[in-house]
Amino acid sequence: MNDAIHKKVEELAPFISLMRRDLHKHPEAAWTEFRTASIVAKRLTELGYTLTMGKDAISKEAMMGVPSPDVLKKHQERAIEQGADPKFVARMDGGLTGMWADLQCGGGPGPKFALRFDLDSNDAVECELPEHKPAREGFASVNKGAMHACGHDGHVAVGLAVAEILVGMKDRLKGSIRLIFQPAEEGVRGAGPMVEAGCCKDVDLIVGAHIGFQAAKKGDIVCGARGFLATTKWDVRITGKSAHAGAAPQEGRNALLAACAATTNLHAIARHGDGTTRITVGRLEGGQGRNVIPPNAFMALETRGMTSDLDDYMTTEAARIIKAAVEMWHCTHEIEVMGGTKSGASSPEMIAKVMALAQTMPAFTNIMDEKDFGASEDYSHMMTVVQQRGGLGTYIQVGTNKTAGHHNDRFDFEEDDLLPMAEILVRVVDAYLAK
């Protein structure tokens, strides 16, 4: 069967490349993945999967960092202009761009195996220089301010190829298969609302995958991950009072200085002895003019922790410091949670299974059991939920030779490295569900 899987993946190589390039050219950021999700929904329906999408796949109450209705409407119109199916786009009103697709296998009762793929792009401007392959070959982003700089375009292409292969194998498999296509991974906002809507209900086994990261070069595979950092994303708005900076500065309440005081002290939070803790103020804005006491300020920040408890420590300290800085400058503030996810670690049993399968694949020349992920990925939320219910999960990283690091405007990878990613995912499903 392994030879048959390999052959089918090779046959789908042109499809994977064309799909990846189409998605790369039309990137869509969190909660605006209308075109991408439409393409996925149409293909999965054609393949015979049972689709759950829209309000049935996303808990609207659990969504964070959603664009305004006007912005969402413009993205829906843009997606339709770029070829999205209007009937699928209509089902995603409000940014409900996630879905899952179920396939009942023909071999009788068995476990439910879920695979997760992320849909969204980064908020970035892609390099336009000729040395950047997407620009040179005509598939660089046409959507201003959006770029696939993390490989999610490749993940979706792999997901659709895997979907086709599994349909052809369903009669030799038992149980069922669920393919989860998740929006809003960037900013770790998408997994939670999908979990709340039931994407992991009754799931016994779950696998996610990513191109690159600790699998740093072609031939690498990391079969599991630990050290997913729990994280919380905040937008902080500080309100003061404007006044003439020369004639009556005492009448003002300087919101920008409150934000500056908060920023410097946030970065002075004592790190915790129990593990990794981090904080970053990534944006700081404020004021109206050089001769006006700034009446407002904005901060975009994030905390991270090796465990959820350590992230809670950082957010507690951050809230205390922001409150004190704001009060010191006689201002007020509000905090909006824009995203967040839990820590997590792969199941040792599943890591061992993936390693054994990888050892039979010539594409993998450097096989690693697990590594600290060292960043945040809200797939860990899904995996942890499955594990807490007695199931197994892992997170696979497949190596590639990159032109630049993830989230860089020159990021690109070698498309043929998507083929072993597709193959290992199909093989893992086959290993657990074969009759």
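The values are calculated or read from the model by the stated rules, or taken from the named source; none is laboratory data. All values derive from a computational prediction rather than experimental measurement. So basically every Cβ, Gly included, is an ideal-geometry build from the backbone, and we count neighbours across all protein chains shown.
When you check Ala216 against the structure, is it among the small types (Gly, Ala, Ser) and surrounded by fewer than 23 Cβ atoms within 10 Å (Cβ to Cβ), yes or no?
Judged against the criteria, Ala216 is a match.
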request  = Scan segment 148-168 and give yes if some residue there is of a type in the set (D, E, K, R) and more than 23 Å from Glu415 (Cβ to Cβ), otherwise no.
outcome  = no
remark   = Per the list (1) under 23 Å from Glu349 (Cβ atoms); (2) in contact with a Lys or Arg (Cβ under 8 Å, 6 or more places away or on another chain); (3) crowded, with 24+ Cβ neighbours inside 10 Å, residue check on Gly240 breaks on (1)
request  = State all residues of segment 12-39 that are farther than 24 Å from Pro420 by Cα and of a type in the set (S, T, N, Q); if no residue qualifies, say none.
outcome  = Thr32, Ser38
task = Would you point out which residue out of Ala157, Ala140, Ala149 is more than 21 Å from Met99 (Cβ to Cβ) and within 19 Å of the chain's Cα centre (by Cα)?
result = Ala149
query = Which one of these is touching an Asp or Glu at 6+ places or on another chain (Cβ under 9 Å) and free of Cβ contacts under 8 Å to residues at least 60 places away in the same chain: Gly344, Gly282?
reply = Gly282
task = Only one of these is of a type in the set (D, E, K, R) and either without any contact (Cβ under 8 Å) to a residue 60 or more places away in the chain or in contact with a Ser or Thr (Cβ under 8 Å, 6 or more places away or on another chain) (or both): Asp56, Asp85. Name it.
result = Asp85
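Can you give me the ranges of the helices (runs of 4 or more DSSP H) entirely in segment 78-177 with at least 1 residues that are farther than 30 Å from Ala431 by Cβ?
86-90, 133-136
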query = Is there a residue in segment 332-355 that is more than 19 Å from Gly227 (Cβ to Cβ), modelled with pLDDT of 95 or more and hydroxyl-bearing (Ser, Thr, Tyr)?
reply = yes
